Each structure stands twice: as structure tokens, then as C-alpha cells.
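Everything below concerns the one structure shown next.
Bear in mind that the values in this text are calculations on the coordinates, not laboratory data. None of these values were measured; they are calculated from a predicted model. Here the Cβ is made from the backbone with ideal geometry for all residues, glycine too, and neighbour counts use every protein chain on show.
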Amino acid sequence: MTTRNRKPEDLRSARWFAPDDLRGFGHRSRIMQMGYAPEDWVGRPVIAIINTWSDINPCHAHFKQRVEDVKRGVFQAGGFPIELPAISLSENFVKPTTMLYRNMLAMDTEELIRSHPVDGVVLMGGCDKTTPGLLLGATSANLPSIYIPAGPMLRGNWKGKTLGSGSDAWKYWDERRAGNITKEDWVEVEGGIARSHGHCMTMGTASTMTAIAEAVGMTLPGASSIPAPDVNHIRMCAEAGRRAVEMVWEDLTPSKIQTRPAYENAIAVAMAMGCSTNAVIHLIAMARRAGHDVGLDDFEIASRKVPVIANVRPSGAAYLMEDFYFAGGLPALMTRIRCHLHLDCLTVTGRTLGENIARAEVYNDDVIRTVDNAIYEEGALAVLKGNLAPDGCVMKPSACEPRLRQHSGPALVFDDYPSMKAAIDDDNLEVTADHILVLRNAGPQGGPGMPEWGMLPIPKKLVKQGVRDMLRLSDARMSGTSYGACILHVSPEAHVGGPLALVRTGDIITVDIPARRITLEVSDEELEMRRALLPERKPRFERGYGWMFSKHIRQAHEGCDFDFLETSHGGPVAEPDI
Ligand code: FES
Ligand code: MG
């Protein structure tokens, strides 16, 4: 039974609907225009359901039906649901990259909540940037909010082989480039890799970020692991609707849940999951919005302590999210890293994380490993620093060939993505497996929007020789479903004059992952000389949203939020006058 900390007359929505004045008349008459009667709203929390469904987002295709289940839950608990659509951000189709629009979704969410007669919020997302986008906005709005993850799609299948989103697309594309599979095979892979609605079912950005949403306390226990088509997902949606209403009465706001220890839990869970590198950027942005100074060092500390125990591709060789769900899901994984978690953190259930996972158990020790039998002894990510990346860069050592963890080699530099793409399949390209491929001008400003170009293709002539991994370095991001020795998010980026702009083909770069160092073996004097010769970079946009983006976007190590959206920017935003 929920504890009522608030009275019906205290509801925020009552400011719209209750007053006996001309404005109140307007709000009541217009809600009645839609067929509602006072019985629908008087004394009932209004729950905004922020839905990122669209006709071109396959990861959220089921949200059109699921929103009805959320509404059912809201009605059951005595609330009044209103669905508010937000920008959908389909990872597959939005160009140049959804990352350009994560903050737009965050603004969309925050302002939808603030401007409407809303008491509580249900957030519906899952495809990569939608989780951080929705949570960033809800954190700033700070009304009681609960997150509904879309759930992973079912396992892919081709000729009896399991296929994983992204990871197997890259893998079989290399096989096709090497001439090992035919076009007909490839078309069959296309038809088998995405078998149901739901987000990518590898440990990509989507599975990583929904797990983080759960670990930080913003979802129902276990919600992030339920496959999208499973009927348990339907029941979870209705339960989230019911819970949103109770959270309003309890006044259980995001600021009470998203404490610094809750973010430390999220970072530990990300490490144990073998998370997407994108988690770093999103978690830093989210924690900073919640008022905590979280940075790359927090990931480095966790990375040294928490091993990768989720045997899910691409860090793990074998399994996908459906297997992870049947092995017990995220609550089960959390029991395995219990000693690294703050179990007293409050969650949307009104209970602590420790209470939520008290009954959880692991049903398959190969899918969710014990810490003594980890997939990778350290955490998923390594943060490297050095003269080439003074503010840091990240990589995923668990997903790269061991021989590349300590490596010196000559740089092969590409100034932008089109020049890399034009050269990489040239049989005359002067490149060996010891080279380090460098892509620059692909960061937050330069990309623009920091596209997922960081897993540079292995040059075709090397693929034919059997090379499947080599060191790659960029100020870009990469898809969470990608793998290989890719060093990403070099900060500051080349476009704003970071040292990456100074590298020349043939320079020696040394990467030492155990020591967390990245060094451009060129003297400071020489680098200064090169800096003086740098051409001035033109802005990428001169009008529109992109113009605003380039004026206000933070660098990768700061989370790529807009400066003016950060909590520390100016005084709090006032509630609207009604
Ligand atoms: Fe939506 Fe991968 S495309 S999660
Ligand atoms: Mg992705």
C-alpha cells in the first residue's frame, strides 16, 4: 500500500484543472471536448506517457500497443494517462547520427513535462540515444518518473547459426569483402538478423543504457532484460503505469533516486555487462544533470575493480540478451557484483536496490559468469590519457585481440570519413597490420554529432590476408555492437584543435592499455610547429539546430550535453504561469 505524502489538492495538475476562474474554465472545457468528464481528472494524478514510437523506428514498433498497457495500469491505480509523443531517434535511419539529436530529445522531454498539466511521467524508450535523452529531460524536470525499456529483440538466425545485431553484420560483411560468402548468403543474413521488434539484442548501446537505467533505479526490477515480444513485457508496462501513479502520491522524484551512489552502481553494472563505449558519454551527461561531478576517472576506477561477467556479444563470444534474460537478467547479474554496489539506494519501487534483488538468482553460470570465471578480468572499458588525448579517450580491451593491448606502430591518417572510405578498399594502400589507422574531424563538432565511425574498416587487402583486427584511433564514437581495438572519443577533438589534428602519416603512436597511456612519439617543439600550420576550421553549420548544437555542445569527456542544459547553468527554471 502506497504512502500518501501528498493530497489531491496539492497535485500539480490541479493548478490547471481546479481553479474557479477563466483559465480553469478553458482547461476543463477543452479536456471535456475530448469526451472526458470530471470523474476522469478530479483528484487523479495526471501521468504523461512520453512515447518515442514512430513508423520508422523498428526498435519501438511495439510501443504503439504497449502504450495502451501503460494506460491500463495508470487507470487501474486511479490516475489519468495522457500520451505525449517525443522525437523517436531511430538509430538505423537518422542521419548523420542520432547523437546529434540526443539533447534535442532531452529538451523535448523536459519541456513536454514542464509545460503540460502533468504530475508524474512514464518514459518509453530503448533504442540507443532514447534512454539517455528521455532520462536527461526527466531528471531536469524532476517530477516522479519511471522508465520503460523497449526490451531486446529475439535472437537472429541464419542457417542454424545465431546472429547478433550489428556485431554479426560487421563480421559477415568482412567475410563478403574477403569473398568467403556470396551475395545470396548476404541477402539471407539480411532477412534473419532482426526477427522481432525490440532494440538490438547484443550488448550494444541500447542494452547497455537500459541496464544503466535499471541500475540507477529508474525502472522496475528486471525490466531491462525482458525481450520485447515476451508477454512479461506487456505486464511490466501495465505495472509501470500503476507504479507511476503511486510515485506521485509518494512524491518519489528522480532527485531522490539518482544520487551519486546510484550512479556508482550504474557504472559498476556497465562494467560487468561489458558495456558499449557510448555508456561513458551518456552516463557522464546524466550524472552531471543529476548534480554529480562524474567523469572518466570514475570509469577508470570501476574498470580496475569490476570484471566483465555477462557473456553477451560482442565482449562475450556466445550469447545474446534473450539468453541473458533466461539466465536471470540484470537482477541476477547484480547479485554477482553485490560487493561493488550500494544496496541502500532507493529505486522507483520505493524500495532499495538491495531489496529489489534479494530474491534474484543466476540460472546459467555460463551466461552470467561468476567473478572468478569472468569473461575479462577487468571492466569493459579502459580510459587512456597522454599527449595525444590530454582529456582522455576510451577503448574496450575486452573486445580486441590481446596482441594489440601493447603496441607501437606508424599512423595512417585520414582527415575525414569520405577520404577514409575512398581509400580503404584500394589494393595499393600502403598499410600493414602493424599500422594504426587514424580518423579525425569526427568528434562532437567535427562529425558533426560524433558519428559511429570509430570502428574503421580493416583495409580490404589486409582482410584478404586474414587480418581481422588492428588498432584504430579517432575522435568518433562506435556502435556498442562493434568490436576490435578501436580507441575512441579522443578529447579534445581535432576540429577544435586537439592534438589529434597534429598527427601525420608515418608518426609513431604507442598504445599501452595496461598502463592506460597513449603517446604520439613526436617532440613538443615539432608539435608546436605543426600547430602553427593548422588551417582554420570552418563551422559545420551556419543556421538551424546544427548552429545551436555547435555553439553549445560539450566535449566527449564532459558528456556532450549542451552547456545551457547543465544543471549548474544559471538559476532553476521557473514553473509556468497558469
Ligand atoms: Fe535501435 Fe540498435 S538500432 S537499438
Ligand atoms: Mg547502436
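Descriptive notes on the structure:
- Cβ-defined net charge surrounding Arg304, 12 Å radius [Lys, Arg +1; Asp, Glu -1]: -3
- Once the C-beta distance of Ser523 and Trp547 is scaled by a Förster radius of 60 Å, the resulting FRET efficiency is 0.95 to the nearest 0.05.
- Ordered by the count of other Cβ atoms within 10 Å of each Cβ, fewest first, Phe17, Phe564 give Phe564, Phe17.
- Across the stretch 410-526 the C-alpha pair distances fall into 10 Å bins from zero in the proportions 14, 48, 33, 4, 0 percent.
- The calculated FRET efficiency for Thr352 paired with Arg304, based on their beta-carbon distance and R0 = 22 Å, is about 0.25.
- Per-residue extension of 0.36 nm, minus the Cα-Cα distance of Thr370 and Thr182, leaves a gain of 63.7 nm for this segment.
- Label point distance in nm, Asp21-His116, each placed 7 Å from Cα along Cα→Cβ: 2.4 nm
- Rule-of-thumb Rg ratio for the chain [Cα; 2.2 N^0.38 Å; N residues]: 0.98
- When both bridge partners sit in the chain, DSSP labels roughly 45% of those beta bridges antiparallel.
- Normalised size of the stretch 511-578, defined as Cα radius of gyration per 2.2 N^0.38 Å with N residues, equals 1.79.
- Shape annotation for the stretch 432-478: C-alpha extents along the principal axes are 36, 14, 12 Å, from largest to smallest.
- Between Ser29 and Lys7, the contour length at 0.36 nm per residue exceeds the alpha carbon distance by 5.5 nm.
- Taking all Cα pairs closer than 8 Å and separated by 6 or more residues, the relative contact order of the chain comes to 13 percent.
- Calculated on alpha-carbon atoms, Rg and Dmax of the stretch 192-326 in Å: 15.5, 46
- The stretch 42-143: Cα Rg divided by the 2.2 N^0.38 Å rule of thumb: 1.05
- Debye, to nearest 20: dipole size of the chain, +1 on Lys, Arg Cβ, -1 on Asp, Glu Cβ: 680 debye
- Order of Asp524, Asp507 - criterion: other Cβ atoms within 10 Å of each residue's Cβ, fewest first: Asp524, Asp507
- Centre separation in Å (Cα based) which lies between the stretch 301-362 and the stretch 521-578: 35 Å
- Environment charge at Thr567 (Cβ cut-off 12 Å; Lys +1, Arg +1, Asp -1, Glu -1): -3
- Between Glu39 and Arg504, the distance separating the two model label sites (each 7 Å from Cα on the Cα→Cβ line) works out to 8.1 nm.
- With only the Cα atoms considered, the stretch 115-208 has a convex hull volume of 112 Å³ per residue.
- Put in order of Cβ neighbour count within 10 Å, fewest first, the listed residues Cys400, Cys275 become Cys400, Cys275.
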